[in-house]
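For reference, the structure is listed below as structure tokens.
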């Protein structure tokens, strides 16, 4: 590897996320779950595109995240409907604009 080669910088608003650091980050391929987590005010750290048809959503792991994920999968999580729809549109725009 060339030591003089400048390192890639993340796009504005993004950060470099280590691959599979499950202590500090939460990973999911599920668009519905990602939308719910953004609605619940968890920070989306990155989008990792594994191929042209699959994107992994990466969230900063903070207190309460695992509980919200459990609530989502057990159908007990409540978010505002319009907020969910607007967030879903925003995530899709990010997915298809890259």
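Could you pull out the residue among 47, 88 that is surrounded by 15 or more Cβ atoms within 10 Å (Cβ to Cβ), within 9 Å of the chain's Cα centre (by Cα), in contact (Cβ under 8 Å) with a residue 40 or more places away in the chain and not in a loop (DSSP other than H, G, I, E, B)?
Numbers: 88 fails: within 9 Å of the chain's Cα centre (by Cα).
Just a single option satisfies the conditions, and that option is 47.
Quick one: is residue 52 more than 13 Å from residue 35 (Cα to Cα) and either over 13 Å from the mean Cα position of the chain (by Cα) or surrounded by 13 or more Cβ atoms within 10 Å (Cβ to Cβ) (or both)?
On the way: more than 13 Å from residue 35 (Cα to Cα): yes; either over 13 Å from the mean Cα position of the chain (by Cα) or surrounded by 13 or more Cβ atoms within 10 Å (Cβ to Cβ) (or both): yes.
Answer is yes for this residue.
Residue by residue through the range 17-44, note down the ones that are exposed (fewer than 14 other Cβ atoms within 10 Å of the Cβ) and farther than 24 Å from residue 81 by Cα.
Within the range 17-44, 18, 19, 20, 21, 22, 23, 24 qualify.
Just to be sure before I move on: is residue 69 outside any loop (DSSP other than H, G, I, E, B), in contact with a helix residue (DSSP H, G or I) (Cβ under 6 Å, 6 or more places away or on another chain), at pLDDT 95 or above and closer than 19 Å to residue 26 by Cα in the structure I sent? Quick ask: steps written out before the conclusion?
Working: outside any loop (DSSP other than H, G, I, E, B): yes; in contact with a helix residue (DSSP H, G or I) (Cβ under 6 Å, 6 or more places away or on another chain): no; at pLDDT 95 or above: yes; closer than 19 Å to residue 26 by Cα: yes.
Against the criterion (outside any loop (DSSP other than H, G, I, E, B), in contact with a helix residue (DSSP H, G or I) (Cβ under 6 Å, 6 or more places away or on another chain), at pLDDT 95 or above and closer than 19 Å to residue 26 by Cα), residue 69 does not qualify.
How many residues does the range 55-85 hold that are surrounded by 13 or more Cβ atoms within 10 Å (Cβ to Cβ) and touching a residue at least 24 places away in the same chain (Cβ under 8 Å)?
Going through the range 55-85 one residue at a time, the tally reaches 15.
The values are calculated or read from the model by the stated rules, or taken from the named source; none is laboratory data. Every value quoted in this text rests on a predicted model; they were computed, and no experiment measured them. Glycine also receives a Cβ, built like all others from the backbone with ideal geometry; neighbour counts cover every protein chain displayed.
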